[in-house]
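In what follows, a single structure is set out as structure tokens and then discussed.
The values are calculated or read from the model by the stated rules, or taken from the named source; none is laboratory data. Just so you know, these numbers come straight off a predicted model, no measurement behind them. Note that we place each Cβ from the backbone using ideal geometry, even for glycine, and neighbour counts take in every protein chain shown. For accessibility, only protein heavy atoms count, side chains too; no ligands or nucleic acids. Shrake-Rupley method; radii C 1.70, N 1.55, O 1.52, S 1.80 Å.
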Amino acid sequence: MTASVAAFGLLGCLTTACGSSESSGTTLRLVAPEYGNNQANSSKAYWDKLTAAFTAAHPGKKVEVTLYPWADVDRKVTRMVQENKAPDVALMGAYSDFAAQHRLYAARDLLPIRAEANFLPPLAEAGSVDDTLYGLPFVASSRLLFYNEELFNKAGAKPPKTWSDLKDAAQALKTAGVLYPYALPLGPEEAHAEALIWELSNGGGYTDSGGGYSIASQQNTQTFRWIKDNLVTPGLTGPTPPAELNRQDAFTAFLHGDVGMVNGYPSLLHEAREKGMRVGTLTMPVSDALSKEQTPPSVGVADWMMAFKHDGNRELVSSFLDFVYQDKNLSEFAERYHLLPSTVTAARATQRTAADPSTEQFLTALRTSRLYPVNEPSWLKVSNTIKQNIGKAVAPSADPKTVLEDIAQQAGS
């Protein structure tokens, strides 16, 4: 979910039992991504504390944690699985390909009914294949439109509710000299998120009502044609072509005060307010073609905990996951990285104690959000195709319909 680095030497075994690559009933091996971006906020501190508490409560049991950068963790776990050295538990961005290989425990085999029923419904739905939960959502985020209130006030712009409002605000910001009136990150880092945000706001999306891919649908074609004609061509998306603008670059420009509007998630809002920026948050403005009664879902993103089947490890994995998903443990991790917990009870606790009122807005958006179709085993391939190509749909000489049809063909949809 959050791109991170591990240049500060946090690779390898971190906690209480480095050693065997073989699964056992006494040592649990967990592979997880590094959420921090420096030594001070490394995930190591969290896992050290949690595993120490777990082993204290379960004498004779040990936990081995290995952290990898987000850019590497999916590939590392995939290789472990291919070499028959899968960990007992992995935390990463996708799960369904392993479920399709029948390598994962179902949640019902590990968690009490109350715990399985406690996951937020959109997350549980995305974590399920054929109505069976395999991907246990860990932390999540939803996306809202951020706007720089100071730049809006200087430009005399109004917070947008519709696409035409957004265009008017962007034009006012450009006239006032804002470098990126609307930052449109369709570069390969996370183009699939920005694209889905826009598609949903016009009644589209990556899949149709039957669950099949609908990348080149009429609604999606209309969406990218509107973006190209009304934002990109008039120069309202800034000096960097959208296909070359990555999410982190857009966020950095926002924090520098060079962006009027950008879609973001809770941790970016926290960073901005730490810098003293005045930032407003809105649900994504809707297409003027939609009726006023329609409220499209926001985009939700989750990271997935999964448990691999090994002889003799089910009881230990069950105990560990039950411990991880206790409200206090889940909330501590979410709060550490300004993300949202994945369960109903932890989300309620977060909502009650949050000092920032925008937290409630993110949680509200998450409860009715649309997630990527991560329960499709082909999603990793499809998402990579989207990330590499979707920005071409708004290029000056492009026909959005042709670009979307090419993506759909490459993705096999």
Which residue is nearest to residue 367 (Cα to Cα), if the candidates are limited to region 118-141 and must be open to solvent by less than 20 Å² (accessible area, probe 1.4 Å) and touching a Phe, Trp or Tyr at 6+ places or on another chain (Cβ under 7 Å)? 141
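Select, from 260, 276, 280, the only residue that is open to solvent by 30 Å² or more (accessible area, probe 1.4 Å), among the small types (Gly, Ala, Ser), at pLDDT 95 or above and closer than 17 Å to residue 150 by Cα. Outline the logic, then answer.
Details: 260 fails: open to solvent by 30 Å² or more (accessible area, probe 1.4 Å); 280 fails: open to solvent by 30 Å² or more (accessible area, probe 1.4 Å).
Answer to the check: 276.
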Filter region 151-192 down to the residues that are touching a strand residue (DSSP E or B) at 6+ places or on another chain (Cβ under 8 Å) and of a type in the set (Ser, Thr, Tyr), then identify the one that is least open to solvent (accessible area, probe 1.4 Å). 182
Determine whether region 109-117 contains at least one residue that is of a type in the set (A, V, I, L, M, F, W, C), open to solvent by 10 Å² or more (accessible area, probe 1.4 Å) and free of Cβ contacts under 8 Å to residues at least 12 places away in the same chain. yes
Test for residue 298: is it in contact (Cβ under 8 Å) with a residue 40 or more places away in the chain, open to solvent by less than 30 Å² (accessible area, probe 1.4 Å), closer than 26 Å to residue 152 by Cβ and not charged (D, E, K, R): yes
Would you check which residues across region 49-76 are touching a strand residue (DSSP E or B) at 6+ places or on another chain (Cβ under 7 Å), assigned to a helix (DSSP H, G or I), at pLDDT 95 or above and open to solvent by less than 20 Å² (accessible area, probe 1.4 Å) and list them? 51, 54
List the number of the failed condition for residue 209; all other conditions in (1) of a type outside the set (Val, Ile, Thr); (2) at pLDDT 95 or above; (3) open to solvent by 10 Å² or more (accessible area, probe 1.4 Å) hold. (2)
Name every residue in region 84-106 that is in a loop (DSSP other than H, G, I, E, B), open to solvent by less than 30 Å² (accessible area, probe 1.4 Å) and farther than 12 Å from residue 127 by Cα, in order of residue number. 86, 87, 88, 105
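Scan region 250-289 for residues that are touching a residue at least 40 places away in the same chain (Cβ under 8 Å) and in a loop (DSSP other than H, G, I, E, B) and jot them down. Please lay out each step first, then the result.
Going residue by residue through region 250-289, those that are touching a residue at least 40 places away in the same chain (Cβ under 8 Å) are 250, 253-254, 257-270, 272-273, 277-289.
Matches in region 250-289: 257, 258, 265, 277, 278, 283, 284, 285, 287, 288, 289.
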